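K.L.:
First the structure, which I've put down as structure tokens, then a few questions once you've had a look.
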Amino acid sequence: MDIARLSMAMSTAETSSAYGVAMLSKSLDQASSTGAQIVGMMDAAAMELSVNPHIGANFDMTV
């Protein structure tokens, strides 16, 4: 294998690796953002329960 082919192969591998790391980083950021939103929604639900503790405690059903 000559130097030019080896150089091209190494460059391609490096580019592919850098792309993979960038996509993984983006995916990690998205997961972190989603987790923060879920925690915020849980906090909002806990706030509603503390303000109106009787809401949702009973379920009346007539058949």
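The values are calculated or read from the model by the stated rules, or taken from the named source; none is laboratory data. Just so it is clear, the model here is predicted, and its values are computed rather than measured. With ideal geometry, Cβ positions are generated from the backbone for all residues, glycine too; neighbour counts draw on all protein chains shown.
K.L.:
Which numbered condition in (1) at pLDDT below 90; (2) surrounded by 10 or more Cβ atoms within 10 Å (Cβ to Cβ) is the only one that I55 fails?
P.N.:
Here I55 meets the rest and fails (2).
K.L.:
A further question on this structure: Does the stretch 1-20 hold any residues that are of a type in the set (V, I, T) and exposed (fewer than 10 other Cβ atoms within 10 Å of the Cβ), and which are they?
P.N.:
The initial filter retains those residues of the stretch 1-20 that are of a type in the set (V, I, T), namely 3, 12, 15.
Once the filter is applied, which keeps residues that are of a type in the set (V, I, T) and exposed (fewer than 10 other Cβ atoms within 10 Å of the Cβ), the stretch 1-20 yields only I3.
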